[in-house]
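Here's the structure we're looking at; comments come further down.
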Amino acid sequence: MNDMKPPLLRVENISVQLGQGSRAIRPVDEVSFSIRPGETFALLGESGCGKSMTALAILRLLPQPIGRITGGRVWLGDEDITALPESGMRRVRGRRIAMIFQEPMTSLNPVLTVGDQIAEVLRQHHAMKGRVAADRVLELLDAVGIPDARRRKGEYPHQLSGGMKQRIMIAIALAGEPDLLIADEPTTALDVTIQAQVLELLQKLQQDTGMAILLITHDLGIVAGMADRVAVMYAGQLVEEADRENFFRDPRHPYSRKLFESLPDVRKREQALATIPGTVPPLNVVFTGCRFVDRCEAGWDYCRDHVPAWNTVANGGHARCHREADHPGMPPLREALLPIPAPFVNQQDGKALLQVDDLKVHFPIHRGVFRRVAGHVYAVDGISLQIPRGSTLALVGESGCGKTTVGKGILQLIRPTAGSVQFGATELTRLSGSELRRLRAKFQFIFQDPYSSMNPRMMVGDIVEEGMIAQGIGGTREQRRSRVEQLFAQVGLSADIVQRYPHEFSGGQRQRICIARALAVDPQLVICDEPTSALDVSVQAQILNLLKQLQNTLGLSYLFITHNLSVVSYLADRVAVMYLGRIVEEGPVGEILENPQHPYTRALLSAVPQIDVDSGREIIRLTGDLPSPANPPAGCHFHPRCAQAMPQCRQTYPPAFGTELHPVRCFLYAGNVSQ
Amino acid sequence: MIKPVLLWTDTLIFLLTLLVLAFAFYARSKPHLREPWARVVQGRIAAACSMVLLAFVLTGLLDSMHFRAPLKDAGNGTDTHYAVEVLSVLDVLAGPLRTQEEKTYSAPFATHLYARETIEQDDGSTLRAYPALRYGGSHLQGSGLDRSQDILQRSLQAVAETILIGALLLLLTAALLARRGGTTTAVMLRKIASGQTQMPWRTILATLSLLVLCILLAMHLATVYHVLGTDKVGKDVFYLSLKSIRTGLLIGTLTTLVMLPFAIFMGIIAGYARGWIDDVVQYIYTTLNSIPHVLLIAAAILMLQVYINNHPELFETTVERADIRLLFLCIILGVTSWTGLCRLLRGESMKLRESEYIQAAVSFGVSHARIITRHILPNVMHIVLITVVLDFSGLVLAEAVLSYVGVGVDPTMNSWGNMINGARLEMAREPVVWWSLLSAFLFMFTLVLAANLFSDAVRDAFDPRTRAR
């Protein structure tokens, strides 16, 4: 509107079909949008909505031979790139449109040095060779913030960390000096602190080079921080398009609104989260009505038989919803029907169910022909925590800090090197194999990826039943079966699914089955290892609701291992922040989130993308990556990345300062010692 | 009365057949077991391949029912004496193919020998000419029919009969399907013809018709001609190739049967237990692998041969001797070939051991034995199945190589390997005798190709990950 520059990329009614005949699916159905030079355009949606396919269709990189573009045009400037021959496309890819992918680990060739991989693009698109190319590679590595570029350019991908690899990917993309960068979930595989670094880098590069970015993401927080305009995609179509400000102030499409409502948040602690019932419809059918109608609370009969138009809405954007066009007989919008919150009976009686003292898990590193122990990976290095009955302790930290090992060490899935784990009155570390096996019903584990934690060749009924059989509980076969059905009902699944296989379910359903399986043996403690990180937000909300409801009714204790701080704020009672095998700060959830003490906690919190557009907070940037737990820095483990490090920090590991309820291991608080 | 002869390999092959049938019966009632197999045959290629394989298996089974025919009663009916020759049901069915022996080589469909001979004529003079065959094309003499005309006529007749039988089969299938599906036969016919049925009936019927055509052509042509020529001693090559089917199938299946327990047990134990057990298993298979297999096989077979020669009383007939050698070959091949699968399974169970669902099972206190049988075994079964089917074709080919080297099956036994071994000299002749090699190749190629395509379909159907979409 104010910016009347001609669009850089204009996508017109593009449609993609995968497969042939009646089983063909249409992951992208008549999608149109345009991107202006220098603009960041975010394509938002849950998995399976066709975001990545749209990007691949623009670059004509659809999976072959099944994928093809069935209609529409893509204009790059005034050139229709759908009409270009394959050789012509090669000039476009990398040169005018570059793409970075979600998984930096698999996007780089492991047998070429990173310098070579960047130089390849230079040779291809700018005919640069030798000295000139080498200098340009160094420039690019500097531009993406790789320290010591001269050395790094001769290294192989496996020598670099995840964040570094993604920077290299960006450098490769930049090497062609593209007009448009397509970033397909560029930070999903990275930790929050690294994510913040990469996003900041993208913004800086955009300012410097003036390229446009098509950002594909499912994270509203990233959209809020990055995008100029937002398009929401659902079931192969755009359902809403708006400026960022308007979108975050007043999302119009019911689907967009639901996405916001289902985000966990500290303010929603006392209520159930909004969820979107059902799943994305299969895309091989011809739709006669709105695609969202089955999951929509704002829909009415009319929506079923009439395909909604691309209506212009009050804020200047567009929404594909009948509510935006005045239809006679449109029922008034019902108030959002949040389920009545479950009664919160506080079952905490103060007694610790689990008491962990100075837990250590060290993995020996073997070297040489004789497999001599050459050192140790200090995965968990002296952790103490306790969980009272019926409460939730969240263990927060970046990947590689040893969170999962703590969980497995507590459950004795990995035998700890030292320390004690008291469960009730039993010392778990000293139990023999068979004694431990008998006790295993009391504590259970829920894994991150619900699919890989179920045997793909067993029916879900048998999977849930297995624990009961192993523990010899549940009575006869018939009694066990009825218990399984009852468990399925408890986690919100219908009972007739017992004879189906795990792959027939969606991610959320699978995680429900895993929860049912854990519940089958009546545990008192459940260790949840990132149970929602593989799921979409709306599904995550369902699982969080379920976990909360189960805690309230069954009095379960949770050790909730996660890196997602918004989930923590919604679910946890206490939070322990972990860095490189040790807990650096622990306290009640409110205090940790509102008043973080340790510099690492503060950096972690500030790195989480926020959806409040004008929160005005400043990101505390952490430099570098997590050091290797095989060789932790002397003194405070965090001092090499800490902006407030003092000489003292380099010498000794800080003891616990602060209050007993909120201990902090940092010398900054040495003044107000309370011990 | 005939006297049934049950050879060692016969016993094993019927046992195997019974096992497969029992499993099929069991799987019929279990939807989760039936479903992947149903998916296998729902593929068009797999359906056609399974028909071809079935034809091979049937031939093999018919050839495994052995008996000794009674000799003509010599005197006043005291003891019945039996012929030394052990026959199979296939021999009886093949009838003239077995008995019509020529003097030496003759080309396919030939009416005369392949080599010129000196023929003494009635008047005492001699003539260098190609003598007429005793059986091949002998019906032509005096009938005034041309050979190619005759072949054409007989082939056309076979084609006509095939069309008839094919149409009958089609009608029958349609009628049966219609009754089960509750529609009319006409509707079902149209569905089959357009390939819209869930089972690829069109493909199955087409393959069946093709097989019927082969059988009919054999019936019409092979009885009066040597369709694939004759070998050095005048035996019909088509008959030899048919008899070789059993040998090939036996080598392919029995060897796997011997190998599987070793490979599965050792592989899974090594991968799951790790530590010193893993070291021991690795040591065993590395050692075994570093000995040339042909050497081991040759040593074992030669030792057996010595044993057979020293104990002639244990073996009544030559067929029994040949049979024990075949069985021994299967065993020794099995012992030497389990290492590959074992290594695969070790790696896979090592990977599975760390998988989250095994960890979940551990966290439920499930015992080791149960973890292995319930979680690891079913999840490596697809590897076992694929290896078995792929190895099958490999072993059929290995038999050919070993027989060529001279340590394979008994030289008196019909096998493709022996045929190829014989062709070594035939190829060096001038003019070249090419038909033995060609027919061994044709039969082997059909079997191995069908098995390979079938194994692909099996793998796809049994991998739950490919089903997810």
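The values are calculated or read from the model by the stated rules, or taken from the named source; none is laboratory data. These figures come from a predicted structure and were not determined experimentally. Positions of Cβ are generated from backbone atoms using ideal geometry, with glycine treated the same way; all protein chains shown enter the neighbour counts. Keep in mind that these areas ignore ligands, DNA and RNA; they rest on the heavy atoms of the full protein, side chains included. Shrake-Rupley method; radii C 1.70, N 1.55, O 1.52, S 1.80 Å.
Quick check: with the 1.4 Å probe, what order do A:539, B:294, A:568 take by accessible area, largest first?
Numbers: A:539 30, B:294 75, A:568 0 Å².
So, going from the largest accessible area down, we get B:294, A:539, A:568.
Across the options A:8, A:69, A:503, the greatest Cα extent toward the positive end of the charge dipole of chain A (unit charges at beta carbon of Lys, Arg, Asp, Glu) belongs to A:503. Ranked from largest, the principal axis spans of the Cα set of region B:65-210 equal 76, 52, 24 Å. Once you have a ≥ b ≥ c as the square roots of the Cα gyration tensor eigenvalues for chain A, tell me rounded if a/c is under 1.5, and otherwise prolate or oblate according to whether a/b is larger than b/c. In terms of gyration-tensor shape, oblate.
Residues A:103, B:320 ordered from highest to lowest accessible area at a 1.4 Å probe: A:103, B:320. Here the label points at residue A:432 and residue B:1, each 7 Å from Cα along the C-beta direction, are separated by 6.3 nm in the simple model.
Separation of region A:423-438 from region A:525-583 is 25 Å, based on Cα centroids. Return the subset of B:3/B:72; A:408/A:442; B:3/B:103; A:268/A:548 for which the Cα-Cα distance in this structure is over 20 Å, preserving the input order. Violating the 20 Å Cα-Cα cut-off are B:3/B:103.
Within the shell of other residues whose beta carbon sits under 13 angstrom from the beta carbon of residue B:429, the net charge comes to -1, with Lys and Arg scored +1 and Asp and Glu -1. For the protein assembly as shown, the residue among B:283, A:214, A:626 whose Cα projects farthest onto the positive side of the dipole built from Cβ charges is B:283. Amide H contacts for residue A:395 (H built 1.01 Å from N in the peptide plane; partners 5 or more residues away or on another chain; cut-off under 5 Å): A:560, A:561, A:562, A:576.
Note on residue B:143 and residue A:631: with the Förster distance fixed at 60 Å, the Cβ-Cβ geometry gives a FRET efficiency of about 0.05. Note on residue A:408: accessible area approximately 40 square angstrom, rounded to 10, probe 1.4 Å, nucleic acids and ligands left out.
Each residue of region A:519-529 is assigned a 3J(HN,Hα), and the resulting list reads 6, 4, 9, 6, x, 9, 10, 10, 9, 9, 9 Hz, derived from the Karplus form 6.51 cos²θ - 1.76 cosθ + 1.60 (θ = phi - 60°), x at Gly and Pro. To the nearest 10, the accessible area of residue B:370 is 70 Å² with a 1.4 Å probe. Residues B:220, B:375, B:139, ordered by accessible area of protein heavy atoms at a 1.4 angstrom probe radius and largest first, appear as B:139, B:220, B:375. Near residue B:252, once Lys and Arg are set to +1 and Asp and Glu to -1 for all other residues with Cβ below 14 Å from its Cβ, the sum equals -1.
Have a look at A:352, B:65, B:80 and report the one farthest towards the positive end of the charge dipole of the protein assembly as shown, computed about the Cα centre with Cβ charges (Lys/Arg +1, Asp/Glu -1). Farthest towards the positive end: A:352.
A cut-off under 12 angstrom between Cβ atoms defines the neighbours of residue B:326, and their net charge, with Lys, Arg +1 and Asp, Glu -1, is -2. In a DSSP loop and with at most 13 other Cβ atoms within 10 Å, the GluC sites (Glu not before Pro) in region B:336-417 are B:354. When the accessible areas of A alone and B alone are added and the area of the pair subtracted, with a 1.4 Å probe, the result is around 2600 Å², both sides summed.
If r is the Cβ-Cβ distance from residue A:131 to residue A:151 and R0 is 22 Å, what FRET efficiency results, to the nearest 0.05?
That gives a FRET efficiency of 0.75.
Each Lys and Arg contributes +1 and each Asp and Glu -1, all at the Cβ; summed about the Cα centre of region A:447-585, the dipole is approximately 140 debye.
Go ahead and run the numbers for FRET between residue B:233 and residue B:21, Cβ-Cβ distance against an R0 of 30 Å, rounding to 0.05.
Working: r = 39 Å, r/R0 = 1.30.
The value I calculate is 0.15.
Remark: spin-label model distance residue B:80-residue B:45 equals 5.1 nm, labels positioned 7 Å along the Cα→Cβ axis. Taking the DSSP bridge list for the protein assembly as shown and keeping only pairs wholly inside it, about 65 percent are antiparallel. Note on region A:268-286 and region B:168-244: Cα centroid distance 53 Å, given to the nearest whole angstrom. If both residues of a DSSP beta bridge must be in chain A, then about 60% of such bridges are antiparallel.
Using Cβ point charges alone (K and R +1, D and E -1), the dipole size of region A:375-478 about the Cα centre works out to roughly 240 debye.
A Stokes-Einstein calculation at 10 °C with viscosity 1.306 mPa s, built on the Kirkwood radius of chain B over Cα pairs, returns a diffusion coefficient of 62 µm²/s. Taking only protein heavy atoms and a 1.4 Å probe, the accessible area of chain A is 50% carbon and sulfur. Dipole size of region B:237-468 about its Cα centre, with +1 on Lys/Arg Cβ and -1 on Asp/Glu Cβ: approximately 460 debye, rounded to the nearest 20.
What the protein assembly as shown shows is 46 Å² of accessible area per residue, with the surface traced by a 1.4 Å probe over protein heavy atoms. For a test of the definition: using alpha carbon positions, the gyration tensor, and the 1.5 limit on a/c, classify region B:237-468 as rounded, prolate or oblate. It is prolate, given that a/c is not under 1.5 and a/b is the larger ratio. Using alpha carbons only, how many angstrom separate the centre of region A:231-255 from the centre of region B:5-47? So the separation of the two Cα centres works out to 56 Å. Per-atom-type breakdown for region B:237-468 gives carbon and sulfur 70% of the accessible area (1.4 Å probe, protein chains only).
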